[in-house]
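*Asks:* Structure provided below as structure tokens; questions to follow.
Please treat every number below as a calculation from the coordinates, not as lab data. These figures come from a predicted structure and were not determined experimentally. Neighbour counts are summed over all protein chains in view; Cβ atoms, including those assigned to glycine, are modelled from backbone coordinates with ideal geometry.
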Amino acid sequence: MASDIQIGLALGGGGARGMAHILVCEVFDELGLKPSVIAGTSIGAIIGAGYASGISGREMHEQAVAFYSRRREVLSKLWRARPLGFKDLIRGRLLSAQFDPELIIDQFVPGSEKFPETFEELQIRLKVIACDFYGWSETVIEKGLLRPAIAASIAIPSVFKPTPIDGRMQIDGGVFNPLPFDHVAEADLVIACDVAGGPTGEPDVAPGLLETVVGAAQISMQAITAEKLKWHQPDILVRPDINGFFILDFFRTEEILNLNEGLKDELKQRIDHAIHSPFSEPRNLAIVG
């Protein structure tokens, strides 16, 4: 029966917190399963693309920990990838205060060299979620060039340059659909991993500027997801313990993964039970790290 069931996997947005998605991929590998379709937003699109490219969860885990443990090397690469500055403007080059998201994928996503050129070459069907800036709408990309689609999905406003897809400017998919489980709803079993998180701290202490901006985005993402959950729910909802991490805490990748290692056993049990005893247990189960 396990070989017949169609599993849909939705991986949400959340910056560095999305490294916890890797653990979900490890669970699939350890159970000997593969999702039939993956939908990913922002960091979820990156991890989803890696997994759909044939990179195992364990390989992603080891590569991510190794890469982000080399802090000085990563910071040096980040400096070289910085947006063009005033000297470039004087030399007649286009001034940009925003990072190029495709360059960031190539330089800072371990294993990205294994990504195929197109969606059609992936081993698992993938849907990448972006947001049409001028159309005020969601864009679901599942064919054509892969890297530009991922770049569009991770294009956080003011941090990354918007990315054109089919002649329309796209920004981070988390603006419109931070947890795209609705795009794998056709599967027999839908699993979603929510890593949006939310602001934490003393309720009477004013947040700083960056904390306010990021926290406001998190609250908006949670509001969108909460509204979606009123009408439709995934069969298994995974919420790792990520609230203590900032969206740019990639240097804490190993800590994120170690902290949430324990959720793997419960997720394995839930998936195994859902596959082999689909009618004996209530659906819409939440797993909190």
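*Asks:* Roughly what would the spin-label model give for E227 and E113, points 7 Å off Cα along C-beta, in nm?
*Replies:* It is 4.4 nm.
*Asks:* Which order do peptides 231-241, 253-263, 67-77 fall in by mean Cβ count within 10 Å, highest first?
*Replies:* Going by the mean number of other Cβ atoms within 10 Å, highest first, we get 231-241, 253-263, 67-77.
*Asks:* Note down the magnitude of the dipole of the range 7-288 about its Cα centre, charges +1 on Lys and Arg C-beta and -1 on Asp and Glu C-beta and zero elsewhere, to the nearest 20 debye.
*Replies:* I would put it at about 920 debye.
*Asks:* Using a Förster distance of 22 angstrom, determine the FRET efficiency expected from the C-beta separation of V205 and N243, and round it to 0.05.
*Replies:* Plugging the Cβ-Cβ distance into 1/(1 + (r/R0)^6) gives 0.85.
*Asks:* Something else now. Distance in nm between label sites at H273 and V140, each 7 Å beyond Cα in the beta-carbon direction?
*Replies:* 3.0
*Asks:* I would also like to ask the following. What's the ranking of 212-222, 112-122 by average number of surrounding C-beta atoms within 10 Å, highest first?
*Replies:* Final packing ranking: 212-222, 112-122.
*Asks:* Okay, moving on. Could you list which residues have their amide H under 5 Å from that of V37, counting only those 5 or more apart in sequence or on another chain, with H placed in the peptide plane?
*Replies:* I7, L9
*Asks:* Same structure, new question: Pull up the DSSP beta bridges for the chain and report the antiparallel fraction as a percent, rounded to 5.
*Replies:* Just about 35 percent of them are antiparallel.
*Asks:* Ranked highest first by the average count of other Cβ atoms within 10 Å around their residues, in what order do 47-59, 14-26 fall?
*Replies:* Put in order of decreasing packing, that is 14-26, 47-59.
*Asks:* For the range 1-70, what does the alpha-carbon gyration tensor say about shape, rounded, prolate or oblate, given a ≥ b ≥ c as the root eigenvalues, a/c under 1.5 as rounded, and a/b over b/c as prolate?
*Replies:* Because a/c hits 1.5 or more and a/b fails to exceed b/c, the range 1-70 counts as oblate.
*Asks:* A further question follows. Between V159 and residues 5 or more places away or on another chain, which pairs have amide H atoms under 5 Å apart, with H built 1.01 Å from N, and which residues are they?
*Replies:* Residues meeting the amide H criterion: none.
*Asks:* Give the long-range amide H neighbours of E138: residues separated by 5 or more places, or on another chain, with amide H under 5 Å away, using H modelled in the peptide plane at 1.01 Å from N.
*Replies:* It is D132, by chain and number.
*Asks:* Please report, largest first and rounded to whole Å, the three semi-axes of the ellipsoid equivalent to the chain, where each semi-axis is the square root of five times an eigenvalue of the C-alpha gyration tensor.
*Replies:* For the chain, the ellipsoid semi-axes come out as 30, 21, 19 Å.
*Asks:* To continue, here is another question. Assuming R0 = 41 Å, what is the FRET efficiency of N258 and E121, from their Cβ-Cβ distance, to the nearest 0.05?
*Replies:* For N258 and E121, the calculated efficiency is 0.75.
*Asks:* Would you mind classifying the range 96-147 by shape? Square roots of the alpha carbon gyration tensor eigenvalues, ordered a ≥ b ≥ c; an a/c under 1.5 is rounded, otherwise it is prolate if a/b is larger than b/c and oblate if not.
*Replies:* Taking the square roots of the gyration eigenvalues as a ≥ b ≥ c, the range 96-147 is oblate.
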